[in-house]
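Asker: I am attaching a structure below and will ask some questions about it afterwards.
Readers should treat all values here as calculations from the given coordinates under stated rules, not as data from a laboratory. All figures in this text were calculated on a predicted structure; none of them were measured in a lab. No Cβ is skipped: glycine too gets one built from the backbone with ideal geometry, and neighbour counts run over all protein chains shown.
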Amino acid sequence: MTTSNRAFDGRIKVIQVVIILWMIAIGAKLLWLQVKQHDWLLARAANQQQAAIELSPMRGVIYDRNGNELARSVTVKSLYASPGDIPDPARVADALSDLLDVDRDDLFKRLSSIRAAVVVKRRLDDKEVAKVERLALPGLRFVNEMKRFYVSGRSASHVLGFVDIEERGGGGIELSCDKMIRGQGGRLLLDVDALNKSYDHSVEEPVPGANVSLTIDLMIQNHVEKALAEAVRASHARGGTIVIIRPATGEILALANYPTFDPNNVSESTANKRCNRAVETAFEPGSIFKLVTYSAALEEGLIRPNTRIDCGGGQIRIADRIIHDHPYGVLTAAQALAKSSNVAAIKLGMQLGNERLARYIERFGFGHRTGIELPGESRGLFQPVSEWGPTTIGSIPMGHEVGVTAVQAAAAYACIANAGEWVKPHVISKIVSSSGDVLDEYHAEKRQVVSETTAATLKAMLEGVVLQGTGKAARMGGYRAAGKTGTAQKIDEATGRYSQTRYVASFAGFAPVDNPEIACVVSIDEPVGAHLGGAVSAPVFARVVSDALRVLGVPTENDPQSMLAGDFQVYDTAGFAAENPPAHSEEVSDSRPSLDVAAEVPSGDSASKGYGNAVMPNLIGKGIRSAVAICATQGLKLKASGDGLVSLQSPSPGALVSQDTICRVKLSKQAARRTVVEPAPKTPASSGEPARARASRTN
């Protein structure tokens, strides 16, 4: 073979190799495009041929405990434009800007863009839709979207919350459960040509979100909100809060704040109106916090209701401070609570000591979030014992130098109403998907804070506050109530000291006393004029709790002062007891010494006279002779009907009463004896480390 032939064959082989390599490269590229880049190329082609309009999701429905709709998504119309189909953007911008109250220049820019579709205005009302349709302008298109609608307007707005323009949760349950409620948005797909003019469309439907059932009772909520608004306006206060909870379950039946807002028009509200005071704002509770002090003292065996306490004529020195109070002398523990003696509370706090008192404060949940399903919950204000000052023990027992939320306070009173068992407060009952699957359901979190005996004793003492003490305005027709008033001075931000003109007036309690169905906290912020909790908040408590019990169908009790109506025989207790002494005493006396040697104080001390000089004894299961003798020792009168043993009595055992009070009892031959077990006597512990004191009103 010649040299030229060999060269030619070499060139042919090179060309063949090049062609083969080129074919391999082309094949590899085609394979890569068809397999690896398939989805991307498909989407790119679709983007060139389609324009997508994102549609807001269909949020799930929020219900109250009875299945009433509180929030749901409704279909509204949004206005979009196809710029390629609008021959005169300036004329369209001029026509729509005034009609829809949108910025003219901004709208003109959008209508002049090269995009396939632009928004003109979202979620038009019916009047705006009708006006736009009458214009019959080219290039405009209505698109159905979802808009959140709050069925009852302002009602329960702080529980429900609100959404933004994109239907994202912005507060309340809407925010805390947004991921489950929100669902998935749909899309409107517009098929467009090379000039971005649409010629066809399709719709990807939204996926509905989950539905939420709340513990809120809409009727009770409405009653509470009305009462709170009227109370705040009548007292010219800055605001207020009411929380109603079921003690046995922790269900929040109503949670109201004032001022409030309309979630349907959230843009017109302020941050102050949207603030959920009940969970976000801590306040000094004043004397409603004495629930913790007395619970601890009873649980530790330091006192019984009839333990005498020397209230020092209304003053006490703590370190370098002197705290002034009402000028009471010797009072029983029940009387001291009813009259809201700060000196008595401080002495109990000192008997407990810093460590024990702090332990009970934390047991009741103060200083910690309750875990309620609402955003922004405050822990409250409670310093560790290591940071207490020398006079702190003179402040905390009466509800100062500590901050609580209304939900925390309601849970604490619910604990005593529920036999000493604390139950986590909650507003969500269950969450169900759009297909009916249960996604989440509430399971009660409970803990025993104090014994049933302590809770029962304190319940009776708190009823004494309503019957004979500072909480008389909390009495309600048909139901027996128990509770505590509180009036706390606020800190003056300018001086850093307690103000003499700014107060928080509160009342916390529960009803009915024997089988509590409701615990409630009413807090009014800075009332003008009358500012005591017993005058401002207690009447509101009576109103809303009475209404709530009737809504729940709780049978009314007879009036506590006439619950034993019938034919009664009136006994001269002094004469009857002298002529018919019982064989032996059935009452166990309190063998503990009174605090500060109260027995040495003259019995005629004027500070201890007046209302509430006796504690109603327990007569249940007693025979008539024993009952009369026991009443005689307390200076009480007795009216009785029937035969056998005492089966009913009024006032109830442990209630604070005046001497000469008439006790009514019914006797029954089938009556079962009921014994109230009291803790074994203990010698009071030495007073704890003194702490910083405040001369503050906490009634």
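Asker: Between V438 and T501, take the C-beta separation as r, use R0 = 60 Å, and let me know the FRET efficiency to the nearest 0.05. Numbers along the way, then the final one.
Answerer: Details: r = 53 Å, r/R0 = 0.88.
Taking R0 as 60 Å, the efficiency between V438 and T501 is 0.70.
Asker: Right, here's the next one. Going by average Cβ density within 10 Å per residue, which order do the peptides 407-413, 12-18 take, highest to lowest? Show your work: numbers first, answer last.
Answerer: Numbers: 407-413: 28.0, 12-18: 10.0.
Packing order, densest peptide first, comes out as 407-413, 12-18.
Asker: Taking square-rooted eigenvalues a ≥ b ≥ c of the alpha carbon gyration tensor, is the range 427-532 rounded, prolate or oblate, where a/c under 1.5 means rounded and, failing that, a/b exceeding b/c means prolate?
Answerer: Values: a/c = 2.30, a/b = 1.38, b/c = 1.66.
Taking the square roots of the gyration eigenvalues as a ≥ b ≥ c, the range 427-532 is oblate.
Asker: Any chance you could check the Cα centroid distance between the range 323-342 and the range 224-254 for me, in angstrom?
Answerer: After rounding, the separation between the Cα centres reads 29 Å.
Asker: About the Cα centre of the range 51-214, what is the dipole size in debye to 20, counting +1 per Lys and Arg Cβ and -1 per Asp and Glu Cβ, all else neutral?
Answerer: Values: 24 positive and 26 negative charges, 68 e Å.
That gives the range 51-214 a dipole magnitude of about 320 debye.
Asker: Please compute P(r) over all alpha-carbon pairs of the range 292-363, binned at 5 Å starting from zero, and give each bin as a whole-number percent.
Answerer: Spelled out per bin, shortest first, that is 4, 17, 29, 22, 19, 8, 1.
Asker: Going by a ≥ b ≥ c, the root eigenvalues of the Cα gyration tensor, does the range 51-214 fall in the rounded group (a/c under 1.5), the prolate group (a/b larger than b/c) or the oblate group? Don't jump to the answer; show the numbers that get you there.
Answerer: On the way: a/c = 2.77, a/b = 1.92, b/c = 1.44.
Here the range 51-214 falls in the prolate category.
Asker: Express in nm, to one decimal, how much length is gained between R122 and D492 on full extension, taking 0.36 nm for each residue of separation and deducting their alpha carbon distance.
Answerer: Values: separation 370, 0.36 × 370 = 133.20 nm, distance 4.65 nm.
Length gained, R122 through D492: 128.5 nm.
Asker: Based on the Cβ-Cβ distance from S641 to E452, what FRET efficiency comes out when R0 is 35 Å, to the nearest 0.05? Provide the component values of the computation, followed by the final result.
Answerer: On the way: r = 31 Å, r/R0 = 0.88.
Calculated value: 0.70.
Asker: Select from the range 222-299 those chymotrypsin sites (Phe, Trp or Tyr not before Pro) which occupy a DSSP coil region and have at most 16 other Cβ atoms within 10 Å, ordered by residue number. All intermediate terms of the calculation are to be shown ahead of the outcome.
Answerer: Values: sites: F261, F283, F289, Y294; in loops: F261.
Here no loop site has a sparse enough neighbourhood.
Asker: How far apart, in nanometres, would the label points at K430 and V74 be if each is projected 7 angstrom from Cα along the Cα-to-Cβ direction?
Answerer: Reported label-point gap for K430 and V74 is 2.9 nm.
Asker: Multiplying the sequence separation of L552 and I19 by 0.36 nm and subtracting their Cα-Cα distance, what value in nm do you get? Before the final figure, lay out the partial values.
Answerer: Numbers: separation 533, 0.36 × 533 = 191.88 nm, distance 8.91 nm.
Between L552 and I19, full extension yields an extra 183.0 nm.
Asker: Of L70, A95, M180, which is farthest towards the positive pole of the range 51-214's charge dipole, taken about the Cα centre with +1 and -1 on the beta-carbons of Lys, Arg and Asp, Glu respectively?
Answerer: Of the candidates, L70 comes out farthest on the positive side.
Asker: Taking the Cα of A530, stepping 7 Å toward and past its beta carbon, and measuring to each backbone N in the range 214-243: which are under 12 Å?
Answerer: Counting only backbone N, you get 231, 234-236.
Asker: Could you calculate the contour length gain from V35 to L100, that is, 0.36 nm times the residue separation minus the distance between their Cα atoms, to one decimal place in nm? Don't skip to the end; give the middle numbers.
Answerer: Values: separation 65, 0.36 × 65 = 23.40 nm, distance 4.89 nm.
Here the answer is 18.5 nm.
Asker: Right, another one. Please list 426-438, 140-152 highest first by mean number of surrounding beta-carbon atoms within 10 Å per residue. Mind dumping the intermediate values first?
Answerer: Numbers: 426-438: 15.9, 140-152: 18.9.
Top to bottom by mean Cβ count within 10 Å: 140-152, 426-438.
Asker: Now a separate question. For the range 320-393, what is the charge dipole size about the Cα centre, in debye to the nearest 20, if Lys and Arg each add +1 at the Cβ and Asp and Glu each add -1 at the Cβ? Provide the component values of the computation, followed by the final result.
Answerer: On the way: 8 positive and 7 negative charges, 40 e Å.
Dipole magnitude for the range 320-393 comes out near 200 debye.
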